[in-house]
Amino acid sequence: MSVLLLFIDGVGLGDEADYNPWYALPTPAFNRLLSGKSLTKAAVGRHADDVQVLATDAGLGVSGLPQSATGQATIFTGRNAPQFLGRHMSGWPFKRLRQFIREDNLYLQLERDGLRPTFANCYTEEYFERKATKRGWMSVSTVAIDSAAAPIRMMEDLRRNRGVFHDLTRRHLQAVGVNLPEISPEEAAEHILLLLSEHDVVVQEFFLSDVAGHKQPPGLMEWVVDTYDRFLGHLVVNKRARDTIILVSDHGNSEDMRVKTHTMHPVPTLIIGQVPDISDEARAAWDLTHIVPLIVRTMSQAN
């Protein structure tokens with residue numbers, strides 16, 4: 001049994017409204033999973049024995065709009081990063097928050113238990129040659145995997161289909177000087193499924209949903225929704241029955257295209273597969289600190 005953690009940036013549980021592309025645009029895979037509903041607040045609840053959506057608090061008891069650095073740090077560590085800093089932090093984590101992530105995170109906890117986690121995203125060699133990267137300016141997901149024994153995947157892994165680019169289809173590789181052909185979301189899902197057959201926990205990060213919500217360039221949000229829906233749909237249909245997918249976001253954004261900022265909406269925790277029972281009390285208080293413990297408990301129960 002393996003767990004796939006899908007972190008999708010900037011997707012809240014919004015309204016069933018035209019300004020919410022996760023409702024207004026076609027999402028056949030989400031609709032099949034969610035009793036005909038889209039990924040909105042109306043989908044919260046159980047849709048099958050092995051499919052449920054939990055409304056997830058991204059505010060974490062700290063005032064202000066939830067932000068990326070602290071939201072992601074909480075997802076990857078299971079600890080309340082905004083509370084630790086006393087505020088929400090946007091963008092990449094500062095030194096104090098980077099240390100918070102390196103001290104303990106999902107990868108380290110799994111490795112201590114003798115399990116094999118991996119981060120599916122592949123990096124360009126140039127990424128680690130940047131002055132900013134060498135000074136420690138990295139995303140939360142990069143800081144987390146850099147602290148672990150698990151190797152960081154690079155372009156050679158991508159060429160061998162042993163990982164995915166952050167956009168799944170490699171559409172944006174040309175912009176960073178890598179000449180590889182574009183693939184379909186379904187092919188990207190197959191590459192993830194291969195990793196899932198070889199590891200106990202696989203993590204994938206997709207952040208163009210947040211970019212689309214902030215910048216709103218023509219066509220990007222439509223591409224994001226179509227690509228991700230197809231990717232998820234292929235994963236669900238083709239995964240092993242015993243494997244579990246957990247999808248979560250760090251804050252709202254792209255579910256309300258009337259604004260270019262983050263939102264106060266709860267975010268989804270979409271669970272596809274078997275996990276330990278979640279009590280009604282836990283559901284009512286569900287927030288981003290619960291993701292790591294849920295994965296650890298799921299793996300512990302499986303073993």
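Restricting to segment 93-130, and then to whatever is in contact (Cβ under 8 Å) with a residue 40 or more places away in the chain and open to solvent by 90 Å² or more (accessible area, probe 1.4 Å), can you tell me which residue is farthest from L294 (Cα to Cα)? So the residue we want is E126. Scan segment 61-69 and give yes if some residue there is small (G, A, S) and within 21 Å of L108 (Cβ to Cβ), otherwise no. Yes - at least one qualifying residue is present in segment 61-69. Could you list, in sequence order, the residues of segment 140-157 that are closer than 20 Å to D9 by Cβ and open to solvent by less than 20 Å² (accessible area, probe 1.4 Å)? The answer is V140, S141, T142, V143, A144, I145. In the list A69, A17, A55, which residue meets the criterion of being in a helix (DSSP H, G or I) and aliphatic (A, V, I, L, M)? After applying the criteria, what remains is A69. With respect to being buried (at least 17 other Cβ atoms within 10 Å of the Cβ) and either of a type in the set (S, T, Y) or touching a residue at least 24 places away in the same chain (Cβ under 8 Å) (or both), L173 falls outside the description.
For first residues located in segment 38-49 and without any contact (Cβ under 8 Å) to a residue 24 or more places away in the chain, partners that are open to solvent by 40 Å² or more (accessible area, probe 1.4 Å) and in a helix (DSSP H, G or I) and lie 6+ apart or on another chain with Cβ distances below 9 Å form the pairs S38/Y23; S38/A24; S38/N31.
The conditions of being at pLDDT 95 or above and assigned to a loop (DSSP other than H, G, I, E, B) are met by M257.
Among the residues of segment 30-48, is any open to solvent by 50 Å² or more (accessible area, probe 1.4 Å), at pLDDT 95 or above and over 27 Å from D277 (Cβ atoms)? For segment 30-48, residues open to solvent by 50 Å² or more (accessible area, probe 1.4 Å), at pLDDT 95 or above and over 27 Å from D277 (Cβ atoms): absent. Among the listed residues D287, D256, which satisfies the condition of being touching a His at 6+ places or on another chain (Cβ under 8 Å) and open to solvent by less than 70 Å² (accessible area, probe 1.4 Å)? Only one candidate qualifies: D256.
Taking the listed residues S63, S90, the one that is without any contact (Cβ under 8 Å) to a residue 40 or more places away in the chain, open to solvent by 40 Å² or more (accessible area, probe 1.4 Å) and under 18 Å from the mean Cα position of the chain (by Cα) is S90, with no other qualifying.
Give segment 82-114 a look and list any residue that's of a type in the set (S, T, N, Q) and closer than 17 Å to G71 by Cβ, or say none. Scanning segment 82-114 gives Q83, S90, N105.
The values are calculated or read from the model by the stated rules, or taken from the named source; none is laboratory data. Quantities reported herein were computed from a predicted structural model and do not represent experimental measurements. Glycine gets a Cβ as well: all are built from the backbone with ideal geometry, and neighbour counts include every protein chain shown. We work out accessible area using only protein heavy atoms, side chains counted, and drop any ligands, DNA or RNA first. Shrake-Rupley method; radii C 1.70, N 1.55, O 1.52, S 1.80 Å.
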